[in-house]
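Working notes, beginning with the structure itself.
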Amino acid sequence: MEKKEDRRTAMTKRMLKDALIEMLKEKDIYHISIRGLCERADVNRTTFYKYYGSQFDLLTDMENDLLSLLASLVRDPEADTKKAIETACAYLEDHLEFARQIFNNNVDPAFPQKVFSMESVKEAIMKKRDDRFEDRTSEYLYNYMTYGAYRVVCVWLNKSEREPPCEIAGILAKMLLS
């Protein structure tokens, strides 16, 4: 009985997330009502409030899914950089509409900062940096590398004919590691 309830909860949350993504294509999050969101998802408002307090909480849950994936990819010390980037790009490709919304800053302008302030991301990138740079320039180097990579991902996501995740991962890995 427990599993069935978990599956139902996951399905309800998925329906709400899909509805939010669809609505974000039409208007910004400040103009999305809980009533409209629930109607689009075909979910009762009481059910919505069982899981989330607002549309912003739902968005945060969606962002946290992506941030958790990124954290798990960079925490593994044995992980191949290109393979980790490829996994992240494949996730973005699989969740393209959400990725486009969140990366284009139409939804949460603070999202890039959330990604790059993650200690695990910073540690992973700084481990790979070139030893030619002094410690006092490492903060500048980190920001240059990460925000540049972020913009590359934005451009890639918005292309109508995107390179496959493995190809863009190779480009990003080359940029980050050279």
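Only the coordinates and a few stated rules stand behind these numbers; no lab work does. As the structure is a prediction and not an experimental result, all values here were calculated from the model. When we count neighbours, we look across all protein chains shown, and the Cβ atoms used for this are built from the backbone with ideal geometry, even at glycine.
Below is a table of values for the structure above.
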| quantity | calculated |
| --- | --- |
| Dipole magnitude of the chain, debye to nearest 20 (Cβ charges: Lys/Arg +1, Asp/Glu -1, about Cα centre) | 280 |
| Lys/Arg +1, Asp/Glu -1 at C-beta; the chain dipole; positive extreme among 121, 47, 142 | 47 |
| Members of 122/174; 17/83; 83/122; 27/50 lying beyond 23 Å, as alpha-carbon distances in this model show | 17/83; 27/50 |
| Gain on full stretching of the segment that runs from residue 10 to residue 56 - 0.36 nm per residue minus C-alpha separation | 14.7 nm |
| C-alpha center-to-center spacing [the range 135-178, the range 38-99] in angstrom | 20 |
| Packing-based order for 142-151, 56-65, using average beta carbon neighbours within 10 Å, highest first | 56-65, 142-151 |
| Size of charge dipole - the range 2-53 - debye, nearest 20, with Cβ of Lys, Arg +1 and Asp, Glu -1, no other charges | 160 |
| Value of relative contact order over the chain, rounded to a whole percent, pairs C-alpha under 8 Å and six or more apart | 23 |
| Trypsin sites (Lys or Arg not before Pro) within the range 1-56, DSSP loop, no more than 12 other Cβ atoms inside 10 Å | 25, 27 |
| Helix 165-177 axis, angle to the chain major axis (alpha carbon atoms, nearest 10°) | 40 |
